[in-house]
Amino acid sequence: MKSNTQEAFGACRVEVRTNEHESFTEYHLTATINGTMSVALAADQAFNDVAAVLAQKSIQPIQEKIYGYARVREQVLQRREAAYRAHGIDRSMPATWIQGTPLNGCEFVGLQIWGIVAHNGEACVTTVENPVTGRGRLWSGAGFRLLHLAGVRGTTPDGVLAAGHCAQAEAMFNNLGAGLAAHDFHYNQVVRTWIYVRRLLEWYSDLNRIRTSKYTSVGLGVSGGPAHPASTGIQCFSDDEECIVDALALDTDGRSMVATPIRKSPRQDSSFNYGSAFSRGMTLAIEGRKIVHISGTASINSAGASTHVGDAECQSLETLMSIAAILEEQGGSLKNITSATLFCKDRAAWEAWERVTRLLQIPALPKVCVIADVCRHDLLVEMEAVAVI
């Protein structure tokens, strides 16, 4: 894995992680704003720097996430549009806006992009669209198709949000199924989801019940059926909705790209034991390497109980240990992480994480950090990650 960190003027940092495969090169770009500056200046710098890399390398993005306060969303997206237009970047590709409270002085936090460059020069990632979920990105390879749907909301057939959080969650999962079907995918081909919930701690149990019911109805997690997808469920939102979901689905001939669930890890048992329908991770094996999607991971032991309650430093360490254990089992380590998002309950928890990683000299991870509630009142930090091994 190659790492190329580019420092822009001011406080914008862009990190590029590169991994070579036989027929393509994989890129993860992480841009963060690490100081006090205006939203306009921060967005201009971040998106122009990112767009320059995309254009120079001819990267075809599969997924893009943008973090910051919802109130600056339109301003930031306008700057994105201008930067991408100036650099000739495809402006049809969707991006998911995620509000997590910033930890630094800027209301725009940063962005993450996952993309590829085909060695034969072909355009193999395209924007697709359907009337239910809107735009997505489709990677068409030899023997497989990988679909990313962004920002699926709980709307009714007339396009308005369903009334109430439970109705929205049900509609969201149903709409995801309709969006998949529109592109000839099935629900049981979903390998990864990212679920963002405005009031997570108030109705997480309802979300789990609704998700489990939907998954069971389509054959996910049932005896003899595909495993639950890897997932993150966290307190964030995008606009005026109660919940949204991003999803990644794989249609494959079973040889070119193979998805294998990580149902449990050396330090954590199946999350379904305590009512959460997701796998600890998912590996996508392609051309002799593995792309490992690690679900949102917090300080939970093998019995499903929260550990080190009230101690953010120990919870940070336990979270890192659990992620490292998954990667070690897959033949890698924390050094293989190419992209990560850290969610902290408050600034004190983030400061604890920073102390732990500094004192133990944990490898610097390309990550975006925001303040957000984790799925239990007593959990203080959670991290999701992607690694290439």
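Every number in this text was worked out from the coordinates using simple rules, so none of it is lab data. Since we're looking at a predicted model, the values are computed, not measured. Virtual Cβ from ideal backbone geometry, glycine too; neighbours counted across all protein chains shown.
Measuring nothing but how far apart in sequence close Cα pairs (under 8 Å, 6+ apart) lie, relative to its length, region 1-122 scores a relative contact order of 33 percent.
The separation of region 280-334 from region 104-160, counted between C-alpha centres, amounts to 26 Å.
Straight-distance candidates among the aspartates and glutamates for linking to residue 290, with alpha-carbon spacing under 20 Å and chain neighbours fewer than 8 residues away dropped: 20, 22, 26, 251, 253, 328, 329, 384.
Give me the lysines in straight-line cross-link reach of residue 345: C-alpha distance below 17 Å, same-chain residues under 8 apart excluded. Residue 345 reaches 367. Using the Cα gyration tensor of region 74-208, with a ≥ b ≥ c the square roots of its eigenvalues, what is the shape: rounded (a/c below 1.5), prolate (a/b larger than b/c) or oblate (neither)? Oblate shape, in that a/c is at least 1.5 and b/c is the bigger or equal ratio.
Run through every distinct alpha carbon pair of the chain and return the Kirkwood hydrodynamic radius in angstroms, one decimal place. Don't skip to the answer; put the middle values down first.
Values: mean 1/r = 0.0479 Å⁻¹.
For the chain, inverting the mean 1/r across all distinct Cα pairs yields 20.9 Å.
Here the label points at residue 258 and residue 213, each 7 Å from Cα along the C-beta direction, are separated by 3.7 nm in the simple model.
From the Cα gyration tensor of region 288-389, with a ≥ b ≥ c the square roots of its eigenvalues, which class applies: rounded if a/c is under 1.5, or else prolate if a/b is larger than b/c, or else oblate?
On the way: a/c = 1.77, a/b = 1.47, b/c = 1.21.
Prolate shape, in that a/c is at least 1.5 and a/b is the bigger ratio.
With an 8 Å Cα cut-off and a minimum separation of 6 or more residues, compute the relative contact order for the chain in percent.
Values: 910 pairs, mean separation 56.1, N = 389.
For the chain, the relative contact order is 14 percent.
Compute a Gaussian network model of the chain, connecting alpha carbons closer than 10 Å, and tell me which residue from 171, 303, 249 fluctuates the most. Answer for the Gaussian network model of the chain: 303. The Cα center of region 9-82 and the Cα center of region 210-262 differ in position by 26 Å.
Partner lysines whose Cα lies under 24 Å from the Cα of residue 214, excluding those fewer than 8 positions away in the same chain, are identified as 264.
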